[in-house]
Amino acid sequence: MALSPLLSRPAAVAGSGVDEGVAAHYGELSAEQRRLLAGTAVADMSHFDVVTLSGEDRLSWLNTLSSQMLLELRPGQSAQTLLLTVQGRVEFDIRILADEDKLWLLVEPGQGAPLAAWLDRMRFMLRVEVTDVSEDFGLVGACTPQPALEAYPCWVDSWPEISPGGYAYSVGEHPGAERPWREYIIPLGELESAVADLQLAGMMAVEALRIAAWRPRFGFETDEKTIPHELDLVRTAVHLNKGCYKGQETVARVHNIGHPPRRIVFLHLDGSMHTLPAVGSEVRLGEKTIGKITSVATHFEAGPIALALIKRNIDPDAALQVVDGEEAYAASQETIVTTDAGQTAGRFTGFLRQPHQ
């Protein structure tokens, strides 16, 4: 993996794992979170992958394949969509930005080539061209508009707003509203000059703010069994009343007459441990394993926090433990996806959290 030129910035410490190649931090972990949230710093996400779709049929074609209604997407507008298996499991999570002559598809590091290959297999005779441009473009993340980057295409996250045709499985105020998010698409050859006068925050800051916003990340909160309902992704990435697409039957069945088997949950961890459990650590209720940690960070205000996938019917008020080897961390829950998620058919319309459009 190519290293970001921004790793030459003073105090930069390289990331690892999926975030290898960019800075984990620049020596000021809490301050970087504050600056990023305030809009006085941006984040180097140049290791994320970028794919473009061009050709006259690009919107109608992608609309038939994916979970979101895309036919009315206009240049400058952003969306999120999923490509699902026949069983309704999440195969790709795509952030879409419409441009005058193309669609920008933004995906996790390492997902560009598999996505391009998947789309190419589905092209048939349609007027669509799929191009993996990950070696030419990267992303810069920010919480507020950045005048220095306004010349570049910018994907704007709608989270946690409920998209037309979507539905929220959470209730009450959503902390995601406190963390707006956008990603600028920048030629890698211009990366250094584009952010030359901007302060930088590392991926550890990005992740801490993301976790606090309850925003699931593909490859972290997802596994080979994940369906959108478990992660509250029906809110932004699924249109419940659009036409047929692969996986649509499962999406409709779980939403209308079933329940997701698991639910994402936000955890406050015991801060007296002075360490963090590893991703993948078991979440337990008493002696029973009920799930696993999917993301973890130290937040500048909330302290040690995590996202986890647990069994849906676990009591939201139950005190939990996170076990990492010999270490056990007390954990308290905040409900993201409710225990009664799904089974909306026949409910009074007054209980619906978003009218279907």
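The values are calculated or read from the model by the stated rules, or taken from the named source; none is laboratory data. Model, not experiment: these values are computed from the prediction. Positions of Cβ are backbone-derived with ideal geometry, glycine not excepted, and every protein chain shown enters the neighbour counts.
Being of a type outside the set (Asp, Glu), within 24 Å of Lys242 (Cα to Cα) and in contact (Cβ under 8 Å) with a residue 60 or more places away in the chain holds for only one residue in Arg95, Arg121, and it is Arg95. Checking every residue in segment 142-160 against the condition of being at pLDDT 95 or above, in contact with a Ser or Thr (Cβ under 8 Å, 6 or more places away or on another chain), of a type in the set (Gly, Ala, Ser) and surrounded by 15 or more Cβ atoms within 10 Å (Cβ to Cβ) gives at least one match. Just one of the listed residues (Met69, Met45) is touching a Gly at 6+ places or on another chain (Cβ under 8 Å), surrounded by 16 or more Cβ atoms within 10 Å (Cβ to Cβ), at pLDDT 95 or above and over 26 Å from Leu209 (Cα atoms), namely Met69. A count restricted to segment 226-277 and to residues that are touching a strand residue (DSSP E or B) at 6+ places or on another chain (Cβ under 8 Å), of a type in the set (D, E, K, R) and in a loop (DSSP other than H, G, I, E, B) stands at 3. Across segment 83-96, the number of residues qualifying as touching a Leu at 6+ places or on another chain (Cβ under 7 Å) and not aromatic (Phe, Trp, Tyr) comes to 7. Of the residues making up segment 110-132, those that are assigned to a loop (DSSP other than H, G, I, E, B) and surrounded by fewer than 19 Cβ atoms within 10 Å (Cβ to Cβ) are Gly110, Met122, Arg123, Phe124, Met125, Leu126, Arg127. Checking each residue in segment 9-67 for being under 30 Å from Glu100 (Cβ atoms), more than 22 Å from the chain's Cα centre (by Cα) and small (Gly, Ala, Ser) picks out Ser54, Gly55, Ser60.
Of all positions in segment 115-137, at least one carries a residue that is over 29 Å from Ala41 (Cα atoms) and under 19 Å from the mean Cα position of the chain (by Cα). Given the criterion at pLDDT below 95, touching a strand residue (DSSP E or B) at 6+ places or on another chain (Cβ under 9 Å), aliphatic (A, V, I, L, M) and on the phi < 0 side of the Ramachandran plot, identify the matching residue among Ala331, Ala345, Ala319, Ala302. Residue meeting the stated conditions: Ala319. Here Pro187 fulfils each of the conditions (1) closer than 24 Å to Gly110 by Cβ; (2) surrounded by fewer than 21 Cβ atoms within 10 Å (Cβ to Cβ); (3) under 18 Å from the mean Cα position of the chain (by Cα) apart from (3). Note on segment 97-128: among residues that are touching a Pro at 6+ places or on another chain (Cβ under 8 Å) and among the hydrophobic types (A, V, I, L, M, F, W, C), the one that is farthest from Ser158 (Cα to Cα) is Trp104. Can you spot a residue in segment 167-182 that is surrounded by fewer than 24 Cβ atoms within 10 Å (Cβ to Cβ), more than 30 Å from Gly27 (Cα to Cα) and without any contact (Cβ under 8 Å) to a residue 24 or more places away in the chain? Yes, that holds for at least one residue.
List every residue pair whose Cβ atoms sit under 6 Å apart, with the two residues 6 or more apart in sequence or on different chains, where the first one lies in segment 262-283 and is under 14 Å from Ala330 (Cβ atoms) and the second, anywhere, is outside any helix (DSSP H, G or I) and acidic (Asp, Glu). Between residues of segment 262-283 that are under 14 Å from Ala330 (Cβ atoms) and residues that are outside any helix (DSSP H, G or I) and acidic (Asp, Glu), the close pairs are Pro277/Asp324; Ser281/Asp324. When restricted to residues that are of a type in the set (Gly, Ala, Ser) and buried (at least 21 other Cβ atoms within 10 Å of the Cβ), segment 260-290 contains 1. For segment 133-170, a residue qualifies if it is small (Gly, Ala, Ser) and part of a loop (DSSP other than H, G, I, E, B), and the qualifying residues are Ser134, Ala151, Ser158, Ser163, Gly165, Gly166, Ala168, Ser170. Can you confirm whether segment 21-36 contains a residue that is farther than 26 Å from His299 by Cβ and among the charged types (D, E, K, R)? No, there is no match, as no residue in segment 21-36 is farther than 26 Å from His299 by Cβ and among the charged types (D, E, K, R). Go through segment 299-320 and give me each residue that's surrounded by 17 or more Cβ atoms within 10 Å (Cβ to Cβ) and in a strand (DSSP E or B). Listed by number, the residues that qualify are His299, Pro304, Ile305, Ala306, Leu307, Ala308, Leu309, Ile310, Leu320. For segment 54-100, the candidate set comprises residues that are charged (D, E, K, R) and in a strand (DSSP E or B); within that set, the residue that is farthest from Leu139 (Cα to Cα) is Glu91.
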